[in-house]
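See below for the structure under consideration.
We did not get these values from a lab; they are worked out from the coordinates using the rules stated. It should be emphasised that the depicted structure is a prediction, and the values quoted were computed from it without experimental measurement. We place every Cβ from the backbone using ideal geometry, glycine too, and count neighbours over all the protein chains shown.
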Amino acid sequence: MSFFLSNFYVFAKLPEAYAPLSPLVDVLPIIPILFFLLAFVWQASVSFR
């Protein structure tokens, strides 16, 4: 498992020019999950019509 994780981080490194954006890139994959949760909250607010 550690072999997989070490290789994952090798592929996940950004080029030097984009290094300052690394925190933003780490958060971006969460956005679709937030849209899914927003849809669930929206449906709950209208009683799942």
- Going by how many other beta carbons lie within 10 Å of each one, how would you line up S45, S22, fewest first? S45, S22
- Task: Work out, step by step, the length gained on full extension between S47 and L34: first 0.36 nm times the residue separation, then minus their alpha carbon distance; give nm to one decimal.
- Result: 2.7 nm
